[in-house]
Amino acid sequence: MIIRSGHATHDATCVAAETTKQAVIGSAKLAYDTGGSLATYVAAIKTAEIAFYRSLVASCVANGLPSSQFYPALRDLGTGGA
């Protein structure tokens, strides 16, 4: 997901968060493909998604941008929205 807010610092943070998320998911996929468990793979994806959305929220708060659009995703991931 590429996020473009027009705020350079926030946009750079979003790109970094997406890059990290993709790296974690890629590593988890490789582990799964080489004999790892499905449960571990799914847990890694969920953890990466939570970290991603929390990074976006933190960046929004730090840069004075609205963050409410990310809370539903966090709720859907089982965090209660935080």
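Taken over the range 36-61, residues that are in a helix (DSSP H, G or I) and either loosely packed, with under 14 Cβ neighbours inside 10 Å or among the small types (Gly, Ala, Ser) (or both) amount to 13. Across the range 62-82, which residue is farthest from residue 4 (Cα to Cα) among those that are outside any helix (DSSP H, G or I) and open to solvent by less than 60 Å² (accessible area, probe 1.4 Å)? Only one residue tops the list, namely 79.
Residue-level analysis places residue 28 outside the set of residues that are open to solvent by 40 Å² or more (accessible area, probe 1.4 Å) and not polar (S, T, N, Q).
Screening 11, 33 for residues that are loosely packed, with under 15 Cβ neighbours inside 10 Å and among the acidic types (Asp, Glu) leaves exactly one candidate, 33. If you go through the range 15-23 one residue at a time, do you hit one that is free of Cβ contacts under 8 Å to residues at least 12 places away in the same chain and of a type in the set (S, T, N, Q)? So far as the range 15-23 goes, yes, one or more of its residues are free of Cβ contacts under 8 Å to residues at least 12 places away in the same chain and of a type in the set (S, T, N, Q).
The values are calculated or read from the model by the stated rules, or taken from the named source; none is laboratory data. What you see is a predicted model, and the numbers here were worked out from it, not measured in a lab. Please note: Cβ atoms are built from the backbone with ideal geometry, for glycine as well, and neighbour counts cover all protein chains shown. The area values use the complete protein model at the heavy-atom level, side chains included, leaving out ligands, DNA and RNA. Shrake-Rupley method; radii C 1.70, N 1.55, O 1.52, S 1.80 Å.
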